[in-house]
Amino acid sequence: MYPPTRKDFISLTLTEQGSRSYNNSKNWRRKSCWRKWKQLSRLQRSLILFLLAFLLVCALATYPNLAEHWRALTERSVQEEWSAVDIPELKPVNPAVIPEQERKIGLVFPEPPPQKPKKVPSNKRGPPVLQHRLMKRENASETQVKEREKEGQAANGEDEGEKSLVSWRGAMIEPERGTEPEPSAKEEGAPDPAAQEGPAAAAHERQKAVVEAFQHAWKGYKEFAWGQDELKPISKSYGTWFGLGLTLVDALDTMWIIGLKEEFEEAKRWVATDLQFTKNVDVNLFESTIRILGGLLSTYHLTGEDIFLEKAKDIGTRLMPAFNTPSKIPYSDVNLGRGTAHPPRWTSDSTVAEVTSIQLEFRDLSQTTGDSQYQKVVDGVMKHVHGLAGKHDGLVPMFINTNNGQFSHLGVFTLGARADSYYEYLLKQWIQGGKKETELLEDYVQAIEGVKKHLLRKSQPSQLTFVGELAHNNFSPKMDHLVCFLPGTLALGAHHGVSSEHMELAKELMETCYQMYAQIETGLSPEIVHFNLIPRHGRDVEVKPADRHNLLRPETVESLFYLYRFTRDKKYQDWGWEILQNFNKYTRVSTGGYTSISNVRNPDNPDPRDKMESFFLGETLKYFYLLFSEDFDLINLDKFVFNTEAHPLPIWTSS
Ligand code: DMJ
């Protein structure tokens with residue numbers, strides 16, 4: 001709200017006469033100065049002239065500092081304006097924020113030193129592919145350690161080229177860390193690294209930017225939320241959901257994959273000593289399965305370190321009471337310490353996506369431990385759902401009753417919240433199990449046919465293919481950002497031989513998901529969009545006020561990763577790069593961490609929400625890193641399948 005306009009003001013009218021007398025007085029002042037100058041002695045005049053000349057020489061000699069100082073002063077005042085309206089500091093780091101001055105003077109950060117080969121420690125286990133991966137990662141880590149040492153020097157002012165802070169839209173910007181200065185965003189006319197140094201080099205630079213982003217996020221977590229569930233980066237505090245160090249556990253395998261060995265080791269120590277599942281605490285079965293159980297299992301498979309399997313087995317066993325229901329469809333909540341489970345207070349329903357997206361993890365736990373009880377309960381759920389009435393050409397409702405085992409709230413179909421990962425896990429279980437469980441594949445293929453028949457439409461004016469929703473036969477052009485997992489899943493299915501048509505649909509939907517970012521003012525997607533169906537009216541993507549938030553979700557980046565892996569079309573990397581830059585512009589908090597925001601449509605005030613979801617480290621940054629990787633063996637998609645929280649689990653080679 002603007003304050004009411006004040007009406008009391010003074011009016012000044014300069015008449016002809018008035019303006020003439022103003023000119024006269026100016027002339028008079030000039031003449032009187034000259035008279036005074038003439039009245040001075042020669043010595044006095046010489047002294048004054050010498051002094052002026054001296055000041056001029058000093059000013060010229062210190063010109064850059066003065067300019068810098070002046071710029072800092074003016075920009076600080078912009079920043080103060082921001083703090084006056086209570087906007088927290090956001091610190092971009094990507095190309096778009098390289099200080100103009102540094103770009104002009106051609107500040108170049110030194111290249112990383114050549115890597116020294118390092119021996120694989122003998123205590124690491126796992127299949128040869130993992131050992132090979134381990135070796136590569138350790139070599140990379142060494143390079144990164146050296147880079148970090150250099151960064152340390154730079155931070156201590158030992159690097160000559162470093163400049164102190166400048167600001168951008170009220171955000172404090174520090175000198176670049178760990179990456180060479182990147183060019184600015186394209187619209188600002190800066191060159192693209194791809195054009196300068198070739199595609200491979202560009203991808204490498206982009207990966208370094210992801211590692212830097214992770215380190216920045218981790219810095220905030222470590223400082224203000226260590227061992228807690230979620231960082232609140234603005235208030236420099238933390239949020240508690242389950243009290244199980246959710247962010248730390250979710251991020252373990254990301255650190256391993258991107259080569260942050262020191263950070264990984266420190267987190268591992270926390271897992272070994274502080275991660276206890278004996279607490280009297282209610283946890284959500286689905287969330288704790290995909291994030292904690294999935295995170296621990298994948299870290300075990302990547303590292304071969306027993307502590308992760310021990311912890312996985314502990315939590316897996318403690319989650320088992322959820323399946324003690326009349327229908328064997330699990331309750332949503334489990335008390336880990338007490339060994340009791342219950343549905344939400346207001347209903348005996350569970351969410352369909354939740355009860356059908358815990359299978360990869362429980363099945364893997366059985367395969368890895370040799371104890372079949374975990375697989376048995378989740379396979380039972382899938383068998384039951386396979387035979388249920390109430391589906392619509394393979395599409396499932398969003399709720400299922402834990403007493404009678406029937407779908408409830410019939411007639412509403414979405415690929416978004418509450419149903420999304422049901423479809424994802426049909427395909428992925430089939431892949432995980434070595435493509436033998438044909439019922440899973442049949443259900444998946446039928447469901448995609450259902451999507452095509454009932455939910456696909458084209459938007460206006462750009463003819464973007466999107467997935468809407470169906471409520472009692474009424475179509476709604478609403479699409480959650482969550483649905484953007486679908487292009488990646490379709491591409492994965494096509495890669496595994498499901499149907500080449502699926503790849504074509506994947507490409508179309510990928511374009512749509514990208515446009516959900518590109519058509520928005522901040523370049524970041526809202527949580528939900530509504531597509532325009534009316535010709536010659538407005539733009540493709542509409543956003544309702546309640547849907548303008550962005551929670552740092554991964555789905556679009558995830559799909560970009562799959563699409564790049566399978567097509568090798570660089571445009572998917574470029575799209576991802578744009579998105580990463582926009583996360584850095586609008587969600588990065590200077591003191592550490594990234595925050596979800598409330599308004600993607602307002603670049604001047606995206607309205608930070610003060611929460612960094614654990615999936616930002618578990619998924620979003622991991623998929624960014626993999627998207628920019630040219631090493632297609634890094635989490636080989638013929639050997640691993642990602643759970644819905646981006647934790648890679650091995651595909652079974654025999655069963
Ligand atoms: C994650 O926890 C998982 O990807 C889940 O499947 C959906 N929601 C979040 C990310 O958006």
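Points worth noting:
- On inspection, S596 fails the criterion of being more than 10 Å from the chain's Cα centre (by Cα), of a type in the set (G, A, S) and either within 16 Å of the ligand (Cβ to nearest atom) or surrounded by fewer than 22 Cβ atoms within 10 Å (Cβ to Cβ) (or both).
- Test: residue in segment 295-315 that is in contact with a helix residue (DSSP H, G or I) (Cβ under 9 Å, 6 or more places away or on another chain), modelled with pLDDT of 95 or more, assigned to a loop (DSSP other than H, G, I, E, B) and under 23 Å from F616 (Cα atoms): no
- Sole residue being within 17 Å of N284 (Cα to Cα), of a type in the set (D, E, K, R) and more than 16 Å from the ligand (Cβ to nearest atom), chosen from R363, R345: R345
- Residue within segment 276-284 that is in contact (Cβ under 8 Å) with a residue 24 or more places away in the chain, within 16 Å of the ligand (Cβ to nearest atom) and within 25 Å of V378 (Cβ to Cβ) present: yes
- A272 meets the stated requirement of being in a helix (DSSP H, G or I) and either more than 16 Å from the chain's Cα centre (by Cα) or surrounded by fewer than 24 Cβ atoms within 10 Å (Cβ to Cβ) (or both).
- Residue count for segment 422-481, restricted to those that are over 18 Å from E555 (Cβ atoms), in a strand (DSSP E or B) and within 16 Å of the ligand (Cβ to nearest atom): 0
- Hits in segment 516-547 (condition: hydroxyl-bearing (S, T, Y) and in contact with a Gly (Cβ under 6 Å, 6 or more places away or on another chain)): Y517
- Selection count, segment 541-571, where residues are within 16 Å of the ligand (Cβ to nearest atom) and among the hydroxyl-bearing types (S, T, Y): 3
- Test: residue in segment 645-652 that is more than 25 Å from A353 (Cα to Cα), out of contact with any strand residue (DSSP E or B) (no Cβ under 9 Å at 6 or more places or on another chain) and away from the ligand (no atom under 15 Å from the Cβ): no
Let's see how each residue does on (1) at pLDDT 95 or above; (2) part of a helix (DSSP H, G or I); (3) among the aromatic types (F, W, Y):
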| site | (1), (2), (3) |
| --- | --- |
| F583 | yes, yes, yes |
| G592 | yes, no, no |
| V600 | yes, no, no |
| L617 | yes, yes, no |
| D633 | yes, no, no |
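Residues checked against (1) surrounded by 18 or more Cβ atoms within 10 Å (Cβ to Cβ); (2) within 25 Å of H301 (Cα to Cα):
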position	(1), (2)
I329	yes, no
R338	no, no
A341	yes, no
T356	yes, yes
E361	yes, yes
D364	yes, yes
Y374	yes, yes
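- Verdict on F475 being aromatic (F, W, Y) and over 18 Å from the mean Cα position of the chain (by Cα): yes
- Candidate set: segment 403-432, residues that are more than 29 Å from S654 (Cα to Cα) and touching a Gly at 6+ places or on another chain (Cβ under 6 Å); chosen: the one surrounded by the most Cβ atoms within 10 Å (Cβ to Cβ): F407
- So D574, is it without any contact (Cβ under 8 Å) to a residue 40 or more places away in the chain and either within 16 Å of the ligand (Cβ to nearest atom) or under 21 Å from E619 (Cα atoms) (or both): no
- One residue alone among L302, L293 is in contact with a Gly (Cβ under 8 Å, 6 or more places away or on another chain), within 16 Å of the ligand (Cβ to nearest atom) and closer than 27 Å to V211 by Cβ, and that residue is L293.
The values are calculated or read from the model by the stated rules, or taken from the named source; none is laboratory data. Being a predicted model, the structure only gives us computed values, none of them experimental. Please note: Cβ atoms are built from the backbone with ideal geometry, for glycine as well, and neighbour counts cover all protein chains shown.
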